[in-house]
Amino acid sequence: MKYLYQTVRRYPFSSLLIGVIWYLSFFTPPKTGLDNVAFIDKWVHVVMYGGTCAVIWTEYIRRHRVAAPLRLFLLAWLAPIVMSGVIELLQEYCTDGRRSGDWLDLAANATGVTLAAVAGSIFFRIYRGQSRR
């Protein structure tokens with residue numbers, strides 16, 4: 001429990017966005033005019049997970065001067081993808097048909113996380129290079 005508390009204190013915005021993702025994943029969305037836009041759901045998943053991963057990278061870079069590649073890989077790339085898979089399984093089997101799990105949602109989430117991780121690693125190298133001067 002102490003570790004969870006410390007993590008939330010160190011990464012408040014990332015923790016907030018992860019909480020928002022969990023909430024949005026299980027409430028019943030209202031019908032909107034955007035429902036007619038092709039693949040809007042997938043674009044929302046790419047942006048939602050990509051934005052969360054970008055915030056994780058930003059908070060990590062602010063807190064740590066030296067990258068721990070394995071830790072950063074687990075925290076900012078693998079963990080969001082695993083969380084996405086768990087959410088999709090829970091939507092499929094634990095929502096009484098209100099929500100349905102979709103493997104394409106998982107693929108969109110992984111795409112967003114991967115794009116943000118690539119951008120984050122480039123940003124980290126630039127940031128680290130400027131801080132050495």
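Of 5, 72, 126, which is farthest towards the positive pole of the chain's charge dipole, taken about the Cα centre with +1 and -1 on the beta-carbons of Lys, Arg and Asp, Glu respectively?
About the Cα centre, the residue reaching furthest to the positive side is 126.
Can you check what the net charge comes to around residue 81, using other residues whose Cβ is under 13 Å from the Cβ of residue 81 (Lys, Arg +1; Asp, Glu -1)?
On the way: positive: none; negative: 88, 105.
Around residue 81, the surrounding residues sum to -2.
For the chain, what is the mean residue ellipticity at 222 nm derived from helices alone (per DSSP H run of n ≥ 4: -39500 (n - 2.57); sum divided by total residues; nearest 500 deg cm²/dmol)?
Helix-only estimate at 222 nm: -25000 deg cm²/dmol.
Could you give me the ³J(HN,Hα) list for the stretch 76-86, computed from phi with Karplus coefficients 6.51, -1.76, 1.60 and θ = phi - 60°, whole Hz, x at Gly and Pro?
These are the phi-based 3J(HN,Hα) values: 9, 10, 5, 4, x, 5, 4, 4, 4, x, 4 Hz.
How large a share of the accessible area of the stretch 45-133, in percent, is made up of carbon and sulfur atoms when the probe is 1.4 Å and the other protein chains stay in place?
Carbon and sulfur: 65 percent of the exposed surface of the stretch 45-133.
By per-residue mean of other Cβ atoms within 10 Å, what is the highest-first order of 77-90, 50-63?
Peptide ranking by packing, descending: 50-63, 77-90.
So I have (1) 76, 33, 25; (2) 44, 31, 24; (3) 54, 37, 22, and one of them is Cα extents along the principal axes in Å calculated from this model. Which one is it?
Read-out from the structure maps to (3).
Provide the FRET efficiency to the nearest 0.05 for the residue 118-residue 44 pair, computing r from the beta carbons and using R0 = 25 Å.
So, using R0 = 25 Å, E works out to roughly 0.80.
So what is the accessible area of the chain per residue, in Å², with the probe set to 1.4 Å?
I get 68 Å² per residue for the chain.
What is the local net charge at residue 55, summed over the other residues whose Cβ is closer than 13 Å to its Cβ (Lys, Arg +1; Asp, Glu -1)?
Around residue 55, the charge tally is +2.
With θ taken as phi - 60° and the coefficients 6.51, -1.76 and 1.60, list the Karplus ³J(HN,Hα) couplings across the stretch 95-104 in order, rounded to whole Hz; mark glycine and proline as x.
With coefficients 6.51, -1.76 and 1.60, one gets 10, 6, x, 5, 10, 10, x, 9, 5, 5 Hz.
The values are calculated or read from the model by the stated rules, or taken from the named source; none is laboratory data. As the structure is a prediction and not an experimental result, all values here were calculated from the model. Positions of Cβ are backbone-derived with ideal geometry, glycine not excepted, and every protein chain shown enters the neighbour counts. The accessibility values were calculated without ligands, DNA or RNA, using every heavy atom of the protein model including side chains. Shrake-Rupley method; radii C 1.70, N 1.55, O 1.52, S 1.80 Å.
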